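A quick write-up on the structure given underneath.
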Amino acid sequence: MLFAPKEKGQGLVEYALILVLVAVVVIVVLALLGPAIGNVFSQIITKI
């Protein structure tokens, strides 16, 4: 029972690290695929 606050804090740190990892992956994917997606939308607009 003496270690409960440390475990709760550790869980929060683990969730924060997972959120940071997911955010980094999303940013990298958008940075790599962003121009390609923009080109697809541009082609659709020009065909309309």
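The values are calculated or read from the model by the stated rules, or taken from the named source; none is laboratory data. It should be emphasised that the depicted structure is a prediction, and the values quoted were computed from it without experimental measurement. Glycine also receives a Cβ, built like all others from the backbone with ideal geometry; neighbour counts cover every protein chain displayed.
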Meets criteria (of a type in the set (Val, Ile, Thr), under 19 Å from the mean Cα position of the chain (by Cα) and at pLDDT below 90) for Ile37
yes
If I filter the range 3-19 for residues that are within 9 Å of the chain's Cα centre (by Cα), surrounded by 10 or more Cβ atoms within 10 Å (Cβ to Cβ), modelled with pLDDT under 95 and assigned to a helix (DSSP H, G or I), do I get at least one hit?
no
